[in-house]
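Only one structure is covered here, and it is reproduced in the block below.
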Amino acid sequence: MSAEVLERLFIAAAISSLAVAAYLLLNRYALQRASSKVNRLPSYQSGLPAIVYFTIPTCAPCKTVQRPAIERMKASYGKWFQVIEVDASQQPEIAQEWGVLTVPTTFVIDANGQPRYVNQGIATAKKLIQQLEIEDYSI
Amino acid sequence: MDELKKIDHSAMTINQVIIIALNIIAFVFNQPWLTGLVAAVMLLGTLAGRPGFGFIYQSLLKPTGLVKPRVLLDNPEPHRFAQGLGGVFMLGGALALFSGLSALGWGLVWMVAALAALNAFGGFCVGCFVYYWLTRFGVPGFSKTPPAGTFPGMRPKGTVSDER
């Protein structure tokens, strides 16, 4: 491989890394923005970790994948966390405040009320359990 | 409200990913002709009213089930405009490269790749955003408004069906 190709490959990798870094920063910004809004969520109980689940009635992957995953988690570990479901079509102002770009989107909130993770798109039960730091990954 | 149509966003995402990949390959191997090819495919796709590299999705990825359809209710016109705008920038980039204006040419090529990435991975279509603003300013030929509850340029939320 010639030096010129290597140099260009390095530049391409650097530009791509910058793009990934920008995406991660945006996610971090979304989490920061959400942190001041957790307590305003309807039915939020402070002191208990939470999954804030944004969906809409016509979202097929929400019905077929995301909701069953959350239901399975609730059946096994329901006492360790709460689920706050937000219908983004009924409450678009909440979805906008939280910077929701797509559905399903899940935010994982720790016991101190701090948003820790945002998953844009489907998040598996295993991933959500790991993010909630529940130790048994048997689902 | 505008009458929305069922649009398979997977075809557009694959189109964008192929554009990104080809632009990076063209840059790394210093092949300006490849940028000209991408520009031509994008512009021909715009004229045909479909994603330029959508044929790869339609003939290979969709039938084999490697990529599942993601059908959303959306306006096709802003996406066509966005691809056309991208094609014009790509053409500008290719012409600049053939004219020896290397920095300008590759700058335009990277810009198209970056905007395609923003659309493919972030769900925000800058060309669509421009289209909706032109509608707002009453520019002739631009009449569509964003789907209800959708920020201009953002991918509409939810999936209409799993049809293949």
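Throughout, read-outs are computed from the coordinates displayed, never taken from laboratory work. Values in this document were obtained by computation on a predicted structure and should not be read as measured data. For neighbour counting, all protein chains shown are included, and Cβ atoms are generated from backbone atoms with ideal geometry for every residue, glycine included.
Of B:L73, B:L97, which residue is farther than 25 Å from B:Y131 by Cα, surrounded by 16 or more Cβ atoms within 10 Å (Cβ to Cβ) and touching a residue at least 60 places away in the same chain (Cβ under 8 Å)?
B:L97
Taking A:A69 as the residue in question, decide whether it is in contact with a helix residue (DSSP H, G or I) (Cβ under 6 Å, 6 or more places away or on another chain), part of a helix (DSSP H, G or I) and more than 14 Å from chain B (Cβ to nearest Cβ).
yes
Test of understanding: among B:F129, B:F151, which residue is at the interface with chain A (Cβ under 10 Å from one of its Cβ atoms) and closer than 15 Å to A:L101 by Cβ?
Selected residue: B:F151, the only one of B:F129, B:F151 that is at the interface with chain A (Cβ under 10 Å from one of its Cβ atoms) and closer than 15 Å to A:L101 by Cβ.
Would you be able to tell me the number of residues in the range B:1-16 that are of a type in the set (V, I, T) and either surrounded by fewer than 19 Cβ atoms within 10 Å (Cβ to Cβ) or in contact with a strand residue (DSSP E or B) (Cβ under 9 Å, 6 or more places away or on another chain) (or both)?
Of the residues in the range B:1-16, 1 are of a type in the set (V, I, T) and either surrounded by fewer than 19 Cβ atoms within 10 Å (Cβ to Cβ) or in contact with a strand residue (DSSP E or B) (Cβ under 9 Å, 6 or more places away or on another chain) (or both).
Could you please find all residues in the range A:1-57 being of a type in the set (K, R), surrounded by 13 or more Cβ atoms within 10 Å (Cβ to Cβ) and away from chain B (no Cβ under 14 Å)?
Scanning the range A:1-57 gives A:R33, A:K37.
Out of the range B:90-107, which residues are away from chain A (no Cβ under 14 Å) and under 22 Å from A:L18 (Cα atoms)?
B:M90, B:G93, B:L104
Filter the range B:17-29 for residues that are touching a residue at least 60 places away in the same chain (Cβ under 8 Å) and more than 21 Å from B:P76 (Cβ to Cβ); which is surrounded by the most Cβ atoms within 10 Å (Cβ to Cβ)?
If we take residues in the range B:17-29 being touching a residue at least 60 places away in the same chain (Cβ under 8 Å) and more than 21 Å from B:P76 (Cβ to Cβ), then B:N23 is surrounded by the most Cβ atoms within 10 Å (Cβ to Cβ).
Restricting to the range B:30-67, give me the number of residues that are loosely packed, with under 14 Cβ neighbours inside 10 Å and not polar (S, T, N, Q).
Qualifying residue count, the range B:30-67: 9.
Out of all the residues in the range A:74-86, is one or more in contact with a Pro (Cβ under 6 Å, 6 or more places away or on another chain), under 19 Å from B:R155 (Cβ atoms) and not hydroxyl-bearing (S, T, Y)?
Within the range A:74-86 (the criterion being in contact with a Pro (Cβ under 6 Å, 6 or more places away or on another chain), under 19 Å from B:R155 (Cβ atoms) and not hydroxyl-bearing (S, T, Y)), the answer is no, since none of the residues qualifies.
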